[in-house]
Structures are given as structure tokens and as C-alpha cells.
Amino acid sequence: MTTALARAGAGPGRAAIRRRPGRGWRTGRTVTRQVLFYLAALAVVVIALFPFYWILRTSLESNTQVAAGVGGANGVLPSHLSGSAYVTVFTKQHFLTPLINSAIVSLAATALTIVVGSLAGYALARLRIRGTGAILSFVLLAGFFPTIAMVGPLFLVLKDLGILDSIYPLIIVYLVYTLPISTWLLKNFFAQIPGELEEAALVDGATRLQTLRKVIVPVAVPGVFTAAILSFILAWNDFTFAVSFLQTPGHFTVPLAIVTFGESQFQVFYNLIDAAVVIVSIPIALLVLFAQRRIVSGLTAGSFR
């Protein structure tokens, strides 16, 4: 009996001893997977950020360094940093004018997009309209339609109206970029808001527009904020419509003005171009960094029902 008890007592211990190597092996495999994952993530980050580093590096070079090319002391790490390109961009290239033009067009297009997109998104989310799915599909299809295919008809329309070579028609034209995605986002976000809020406002005597403005939009601030940011970025980065409809340098937006920077008869000074790119990218990067939580919450609206 003592032998049996000893065997019984030794059984779990032996089993535990046998399981320990398995647990250790599994733990080691988990650690290996984590290390490989972080190495892969680091490689992706380095590959993604290296072009931005190279742009920043080139923008801090002088014209002499750019003319010397890449290699030797002028390799991955620059031998001397210079801010002359940024000074030249604002003094000789008059970069402030394109910045103001882009700010006017982008902010106005964003404001108009939010107003129209909110009305369209609310109607698609709340009103009983036949063919809501087909309308929403058409809106998404319009967002994916090739932009270059719209240049010809829009050019003829603006020419007949006599409003070519002006930044203000671009405010309406940029709705081609901004309105489809904003309508889709706001429709999904409005659909998540409980209908009892609207019913209570309507019972108190509010109209549909008052309900949208005073009840729905304040609740849907993350979605509205996301739509505004995405609309602003799309309008700010446009090049196709700007190069098609603008001719006077004083009317150029930022992407179109950057193309003309740093060009001479025998050489292209990429430090001037990259300096302008850095200046343009900083506001967008800061906007996305500070508002990334709202952007994520707005983009995931409607994912779970």
C-alpha cells in the first residue's frame, strides 16, 4: 500500500515535470514570434519613413550640395545642414501665395462638403426613401470614378461660364473628391444614433433641420470631424484639377506651385522642391496625429450593428 501511495503521489509530480518542457517550448516559440513580428514591423516603418527622411535631408542641403549629387560625404547623412532652401522658397518663389490659395479652397470646400454631406447622410440614414441602397452605391461609385475622365467636361463648362483660371470654381469642383466619402461616412454614423433622440426633439416641436443641427450633429461630432479632415486632405492634395484649370502663377495652389519650383535651364534644385513639400506636409501630419482617435472612431462607425 505504501508503494501504491508513493506511486500515486509521484504520478502528478512526474506529469508536471513532463509538462514543463512543453510549456517552456511553447513560451519560447511565442517569444520568437513576437520578436519576428516586431522586427517585421520595424522594417515596414523604416521602409515607409525613409522617403520622408530623404525629403527632409535634401531640403536641408544647399544648392552646391544638390549640384554635387549623392555619394561620399553627401551620402545618407549630410555633411552640412543649411536652411537656405526654406528662405528661398518664401522670398524668391513667393510660396506664401499658393499656401493662401490652397487654404481658401480647401477650407471652403470642406465647409460646403460637411453641410451637403450632413444633409445627404441624414436623409439616407433616417428618411424612408426608395432605393436608398442604390443611391448609396451610386455615391460610392462616383467617388471611385477616374478623375481624369471628368477634366474634359468640367473644362468646357468652366470655359463657357468664363471662370477658368480662378481658384473659386475649384471649391465646387473639389466636391467630386470630398462629397462621396463624406456622405458615406456621415450616413453610417447617423444610422448609429438612437432614433429616440430625434423623436423627442420632433415631439417638442423641432423641425427636421433643427433636429439635425441641434441634436444629431452634436452627437455625431467624431464622424463629422473625420469627414472634415478627410475632405480637407483630399482638397489640399489635388493636382489634377488645379493643373487643368489654372494658368496664372498667382492663382496656383500648393501642389501646382511645387512643380515649378527649383527649375532652371540646366538643373533642377530638388532642395527647393523638397523644402516646399516639408512645409506643406507639416500641417497635415500634425492634424492627423492630434485627431487620429477621432479619425479611427469615424472610420469604424457602422462596422458593428
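All of the numbers you see were taken from the coordinates with simple rules; none came from a lab. Since the structure is predicted, the reported quantities are computational estimates derived from the model, not experimental observations. For neighbour counting, all protein chains shown are included, and Cβ atoms are generated from backbone atoms with ideal geometry for every residue, glycine included.
The figures follow:
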quantity: Residues 157, 46 arranged by fewest to most Cβ contacts within 10 Å; calculated: 46, 157
quantity: Relative contact order for the range 89-208, counting Cα pairs under 8 Å that sit 6 or more residues apart, in percent; calculated: 43
quantity: Cβ-Cβ FRET estimate between residue 151 and residue 260, R0 fixed at 22 Å, reported to 0.05; calculated: 0.65
quantity: Sites residue 80 and residue 290 - FRET efficiency at Förster radius 25 Å, r taken between beta-carbons, to 0.05; calculated: 0.15
quantity: Rg ratio (alpha-carbon, reference 2.2 N^0.38 Å) - the range 89-299; calculated: 1.18
quantity: Cα-based shape type of the range 107-166, given that a ≥ b ≥ c are square roots of the gyration tensor eigenvalues and the cut on a/c is 1.5; calculated: prolate
quantity: Computed label-point distance, nm, for sites residue 104 and residue 191 using a 7 Å Cα→Cβ extension; calculated: 3.9
quantity: Residues of type lysines that residue 187 reaches as a straight line, Cα spacing below 22 Å, ignoring anything fewer than 8 places off in the same chain; calculated: 214
quantity: Residue 160-residue 90 pseudo-label distance in nm [points 7 Å out on the Cα-to-Cβ vector]; calculated: 4.5
quantity: For the range 138-154, 3J(HN,Hα) per residue [Karplus equation, 6.51 cos²θ - 1.76 cosθ + 1.60, θ = phi - 60°, Hz, x = Gly/Pro]; calculated: 5, 4, 5, 5, 4, x, 9, 5, x, 5, 5, 6, 8, 5, x, x, 5
